[in-house]
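Read the structure below first, then the notes.
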Amino acid sequence: MPPTSFALGNGLQVVVIADHRTPVVTQMIWYKVGSADEAPGKSGLAHFLEHLMFKGTEQHATGDLSRIVHRVGGNQNAFTSTDFTAYFQHVSREQLSTMMDLEADRMTGLVLKDENVLPERDVVLEERNMRVANSPEARLNEQIEGTLYLNHPYGRPIIGWQQEIEKLDREDALAFYRRFYAPNNAILVIAGDVEVEDVRPLVEHHFGPIPAQPAIAAKRVRPQEPEPDGPRTVTLSDPRVEQPSVRRIYLVPSATTAPPGESAALDVLAQLMGSGSNSYLYRALVVDKPLAVSASASYSSISLDPSQFAISASPRQGVSFAQVEQVIDDVIADIVQNPIRAEDLERVKTQLIARAIYAQDNQAVLAQWYGSALTTGLSIEDIRSWPDRIRAVTADQVRAAAQKWLEKKRSVTGYLTKDTTTAKREEKRS
């Protein structure tokens with residue numbers, strides 16, 4: 001059964017996805033604001049506010065939300081991306097009204113004090129230290145993305161730059177909250193054992209009285225990327241690296257920005273090149289040569305603005321990056337210059353469509369699927385018709401996508417290597 005959508009007078013969009021197999025429900029509220037919407041110098045603010053949204057309101061003390069959700073046997077969390085921030089609860093069906101009450105309350109009633117804001121800022125700094133500073137792979141990805149996006153705010157990390165996180169304060173968080181957290185900047189997705197006629201009165205009761213934010217722009221406008229003029233490279237060396245790797249990212253259109261058919265062709269291209277042991281890159285680099293211990297490709301279609309097509313490989317010991325990159329270039333050239341085997345094309349399209357079908361077996365995944373797409377400019381029909389667009393992709397469209405978008409000048413290549421100099425110095429000291 002297709003999802004049902006309606007809107008309140010204050011602009012809140014509501015999507016109901018009925019799934020009656022178990023008496024549970026997932027509530028997700030998506031705000032159309034992410035790290036790319038932050039003002040210059042305030043990186044990490046969207047993610048910081050996500051943390052602070054659990055610090056209590058005028059009606060509920062800090063920790064009440066978590067205690068209520070856990071008391072009824074549910075679970076909850078939140079996450080921030082470049083284009084959205086989302087909060088969710090997974091509970092039994094009869095608890096839905098309570099969850100709506102909690103979310104509606106913190107949409108407008110957040111209370112922040114320095115005594116809980118400043119310690120939470122330290123938590124975020126430690127999170128950055130654990131996830132980025134102590135991870136050579138994460139640091140390389142941060143450098144690659146900062147090099148790929150010369151002008152667009154996608155080039156700054158979602159978690160923020162350390163020196164800017166350190167300066168974020170209560171006033172920053174409250175100003176961001178008051179500007180972006182409003183019903184006319186949100187999408188409420190309810191998936192599970194519900195019907196729209198039961199959900200609508202609950203939504204109107206809990207969220208209907210909240211006024212719209214008049215300052216919310218009808219369309220998010222951000223600085224855009226210039227056309228790339230040439231390939232760029234980044235090298236990161238670290239003594240903790242055990243397995244060197246090469247990662248190349250191309251600037252490509254997203255499902256929202258691509259001309260008709262091109263995003264689906266990029267989906268098929270990524271599956272064909274680098275998903276699974278039968279993919280072209282894996283066979284060329286791991287099976288046939290073999291030059292690498294791993295090889296993969298991926299395409300991020302869900303994005304409000306231009307996105308990424310990524311290729312990754314880890315060379316075997318004694319194999320140079322140049323050898324691996326030559327094979328990568330050869331695989332791309334072969335796709336561009338020669339007919340794609342019909343059986344390969346059908347296989348990868350079947351895999352992609354099957355993945356979409358299997359996703360419908362999990363209501364939380366469905367809620368995330370719809371929420372992320374809707375907040376980045378797609379429609380319910382775009383989401384539902386995605387398998388049909390995949391089926392319609394032709395070999396010529398895949399070849400054209402590879403030729404048009406996998407140009408070296410559109411790419412940044414990152415090299416992760418072991419810093420043996422530092423390692424030797426540490427050995428001598430010990």
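With the contact rule set at Cα under 8 Å and sequence spacing of 6 or more, what percent relative contact order holds for region 162-318?
Relative contact order of region 162-318: 20 percent.
In Å and from the alpha-carbon atoms only, list the Rg and Dmax of region 116-245.
Answer for region 116-245, Rg first and Dmax second: 20.7, 59 Å.
Could you go through region 305-316 in sequence order and give the Karplus-derived ³J(HN,Hα) for each residue, using 6.51 cos²θ - 1.76 cosθ + 1.60 with θ = phi - 60°, rounded to whole Hz, and x for Gly and Pro?
So the J values, rounded to whole Hz, are 10, x, 10, 9, 10, 10, 10, 9, 7, 10, x, 5.
Calculate the all-directions average of the projected area of region 75-137's alpha-carbon convex hull, and give it in nm².
For region 75-137, averaging the hull's shadow over all directions gives 6.4 nm².
Once you charge only the Cβ atoms, +1 for Lys and Arg and -1 for Asp and Glu, what is the size of the charge dipole of region 198-340 about its Cα centre, to the nearest 20 debye?
With Lys and Arg at +1 and Asp and Glu at -1, about 280 debye.
Excluding Ala212 itself, calculate the net charge of residues whose Cβ lies under 14 Å from the Cβ of Ala212, where each Lys or Arg counts +1 and each Asp or Glu counts -1.
Around Ala212, the surrounding residues sum to +3.
Beyond 27 Å, what percent of the Cα pairs of the chain remain?
Considering the chain, 58 percent of its Cα-Cα pairs are separated by more than 27 Å.
Going Cα to Cα from Lys167, which lysines come in below 20 Å? Please leave out same-chain ones fewer than 8 positions away.
The reachable lysines, counting only those whose Cα sits under 20 Å from Lys167, are Lys42, Lys55, Lys113.
Take the Cα coordinates of region 131-174, assign each an equal point scatterer, and use the Debye formula without solvent to give log10 I(q)/I(0) at q = 0.28, 0.31 Å⁻¹.
-1.00, -1.08
Taking the Cα atoms of region 302-389 alone, what are Rg (to one decimal) and Dmax (as a whole number) in Å?
Cα-based Rg and Dmax for region 302-389 come out at 17.8, 50 Å.
Over all pairs of distinct alpha carbons, what does the Kirkwood formula give as the hydrodynamic radius of region 172-313, in Å?
About 19.8 Å for region 172-313.
Taking the C-alpha atoms of region 196-266, how large are the radius of gyration and the largest Cα-Cα span, Dmax, in Å?
Reported Rg and Dmax, both Å: 22.8, 59.
Taking the Kirkwood radius as the inverse of the mean 1/r across Cα pairs, report the Rg/Rh of region 30-79.
1.08
When only Cα pairs under 8 Å and 6 or more residues apart are kept, what is the percent relative contact order across the chain?
Relative contact order for the chain comes out at 22 percent.
In region 243-338, carbon and sulfur make up what percent of the accessible area (probe 1.4 Å)?
Roughly 47 percent, rounded to a whole number.
Within the chain, which complete DSSP H helices have Cα atoms spanning at least 20 Å along the helix axis and a mean Kyte-Doolittle hydropathy of 1.0 or higher?
Qualifying helices, which must be both long enough and hydrophobic enough, do not occur.
For the chain, what is the mean residue ellipticity at 222 nm derived from helices alone (per DSSP H run of n ≥ 4: -39500 (n - 2.57); sum divided by total residues; nearest 500 deg cm²/dmol)?
-12500 deg cm²/dmol
Just need the relative contact order of region 1-90 here, percent rounded to a whole number, with Cα pairs under 8 Å and 6+ apart.
RCO, region 1-90: 32 percent.
Using a simple charge model, +1 on the beta-carbon of Lys and Arg, -1 on the beta-carbon of Asp and Glu, nothing else, what dipole does the chain show about its Cα centre, in debye to the nearest 20?
960 debye
Please report, largest first and rounded to whole Å, the three semi-axes of the ellipsoid equivalent to region 230-389, where each semi-axis is the square root of five times an eigenvalue of the C-alpha gyration tensor.
30, 19, 16
Which three extents, in whole angstrom, do the alpha-carbon atoms of region 335-430 cover along their principal axes, largest first?
Sorted from largest, the Cα extents of region 335-430 read 62, 41, 27 Å.
I'm a student and want to see the number: the projected area of the Cα convex hull of region 21-149, averaged over all directions, in nm².
If you wrap the Cα atoms of region 21-149 in a convex hull and average its projections, you get 9.9 nm².
Per residue, how large is the accessible surface of the chain? Use a 1.4 angstrom probe and give square angstrom.
45 Å²
Per the Kirkwood formula on distinct C-alpha pairs, the Rh of region 157-204 is how many angstrom?
Across region 157-204, the inverse of the average 1/r is 14.2 Å.
Taking all protein chains as present, what is the carbon and sulfur share of the accessible area of region 21-113, in % to the nearest whole number, probe 1.4 Å?
The value for region 21-113 is 49 percent carbon and sulfur by accessible area.
The values are calculated or read from the model by the stated rules, or taken from the named source; none is laboratory data. Please read these numbers as outputs of a predicted model, since none were measured by experiment. Cβ sites come from the backbone with ideal geometry, for glycine too, and all protein chains shown count toward neighbours. Remember, those area values only see protein heavy atoms, side chains included, never the ligands or the DNA or RNA. Shrake-Rupley method; radii C 1.70, N 1.55, O 1.52, S 1.80 Å.
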